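Throughout, read-outs are computed from the coordinates displayed, never taken from laboratory work. Because the structure is predicted, anything quoted here is derived from the model rather than measured. Ideal geometry is used to build each Cβ from the backbone, glycine not excepted, and the neighbour counts take in all protein chains shown.
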Amino acid sequence: MKIIIDDLDTKIVFVVGPRQVGKTWLSKEIGKQFSNTTYLNYDSFEDREIIESQAWPRSTELLILDELHKKPYWKNFLKGVFDTKIEKLKILVTGSARLDTFRQSGDSLAGRFFTHRLLPFSMAELRKEKEGKDIDLFLERGGFPEPFLVKTISRAKRWQNQYIDGLIREDILNFEHVKDLAAIKTVFELLRRGVGSPVSFTSIARDINSSPTTVIKYVSVLEALYIIFKVTPFSKNIARSLLKAPKIYFFDTALTIGNEGLRFENHVALSLKKHVLGSCDSLGENINLQYLRTKDGKEVDFCLVKNDGVKGPEIDVAIEAKLSDGAISKNLLYFCSKYGLKGIQLVKELKRERSIENIDVRRAGRYLRQLYL
């Protein structure tokens, strides 16, 4: 919270992330630090009129604008407000969509904002709480606040059912250029069953009787709304890596359909994604989450890639996720030996941690709790 308050001194601050992850709660908690805070939600008709006419109280010290990206030409509007505001006014904008998706809607805000991405709870974020030590709780309920904190699994499942319905019927339908609800729902369901495997857009296109281009568009919509995130294969050639088949993971681990191993892999992916985005938003580090794969099918689940702008992208560490197998993964051993990489094998159930050459076998919970928030 402190870094957001500090950023508000000089910039517009965007707080973005999945729906119901806690953006409104966080923005109002930040608002309590100021003497006069005005919260306006563009989804509210009354608030929309105030926003359109810029009729918030002149005494406002912190202006919170929620779901503003739904306003036509919102960037032009926000740029004008920021450039002409009184000196004491600070502006916080929240939303459940990636704002870079809406570049076509107006002028650039370059140099005027910082972004902070709010994601579900992680073991690192809750490292001081007893719940943060229970990896099975994350696998069962995901990290969204309400299902994670309720007392019974039945209430968590009821929340999840309503959450999925809200995603499909509200967020996706409100997204521009989406007309075929049945098709995108089928894509959504297929992705839930394909977590952790390279995605074939051609295969999905056959399943929905459409084109790979349409499938790619639907996947981009799901990604823009913070429902899924892609992990692309590492390549020195960035364009080439983007063309290769990505793996798909969900921001809500509980949405994955499959065995415990797949849910665990999704949990590790999300923890690493949160580490990467937090390091970028708060520390300015240039890190990406990718995976390793050869033409003959040798694959390592993840790698953290740093880019210092001089040498280009370089693999910092290769990471393999295992439920209970303490033996070193042959593929991890292959990549680390051939390319001189540091490797980490994260094991959910592990009696003893150890190191073999440049590969560490670590308890997953312990490692994930040590990541950046």
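Overall form of region 261-321: oblate. Here a/c, set by the Cα gyration tensor axes a ≥ b ≥ c, is 1.5 or more, and a/b is not larger than b/c.
Rounded to the nearest 0.05, the FRET efficiency derived from the C-beta distance between LYS28 and LEU181 at R0 = 35 Å is 0.60. When the C-alpha to C-alpha distance is required to be over 31 Å, the pairs from LYS71/LYS247; LYS151/LYS273; LYS273/LYS330 that qualify are LYS71/LYS247. Peptide packing for 148-156, 221-229 was compared via the average number of neighbouring C-beta atoms within 10 Å per residue; ordered from the highest value, the list is 221-229, 148-156. Tell me the GluC sites (Glu not before Pro) within region 135-193 that lie in a loop according to DSSP and have at most 15 other beta-carbon atoms within 10 Å. Here the GluC sites (Glu not before Pro) that fit, given the DSSP loop and packing criteria, are GLU176. Sites listed here are trypsin sites (Lys or Arg not before Pro) in region 296-346 whose DSSP assignment is loop and whose Cβ has at most 11 other Cβ atoms within 10 Å: LYS311. Got a sec? Which residues in region 206-228 would a label at ALA245 touch, if it sits 7 Å along Cα→Cβ and we count backbone N under 14 Å? The answer is 206. Summing charges over neighbours of ASP316, with a neighbour being any other residue whose Cβ is under 14 Å away from its Cβ, gives -1 when K and R count +1 and D and E count -1. Loop-located chymotrypsin sites (Phe, Trp or Tyr not before Pro) in region 60-98 (DSSP state not H, G, I, E or B) with no more than 14 neighbouring Cβ atoms inside 10 Å: TYR73. Using the Karplus relation 6.51 cos²θ - 1.76 cosθ + 1.60 with θ = phi - 60°, the per-residue 3J(HN,Hα) values for region 324-330 come to 8, 7, x, 5, 5, 4, 4 Hz, with x marking Gly and Pro. Could you tell me which of rounded, prolate or oblate describes region 46-171, using a ≥ b ≥ c as the square roots of the eigenvalues of the alpha-carbon gyration tensor, with rounded for a/c under 1.5 and, failing that, prolate when a/b is larger than b/c and oblate otherwise? Taking the square roots of the gyration eigenvalues as a ≥ b ≥ c, region 46-171 is prolate. Within region 2-117, the percentage of alpha carbon pairs spaced more than 23 angstrom apart rounds to 20%. Of the residues ASP252, ASP360, ASP301, the one that moves most in a GNM of the chain with alpha-carbon contacts below 10 Å is ASP360.
Residue pairs exceeding 21 angstrom between C-alpha atoms, taken from LYS32/LYS75; LYS70/LYS217; LYS90/LYS274; LYS133/LYS274; LYS133/LYS342; LYS75/LYS179: LYS32/LYS75; LYS90/LYS274; LYS133/LYS342; LYS75/LYS179. Its Cα gyration tensor gives the chain an equivalent ellipsoid, and the semi-axes of that ellipsoid, as √(5λ) in whole Å with the largest first, are 36, 24, 22. Entry note, the chain: the mean residue ellipticity at 222 nm calculated from DSSP H runs of n ≥ 4, each adding -39500 (n - 2.57), is -11000 deg cm²/dmol after division by the residues and rounding to the nearest 500.
Based on the Kirkwood approach, the hydrodynamic radius assigned to region 166-214 is 11.5 Å, with every pair of different Cα atoms included.
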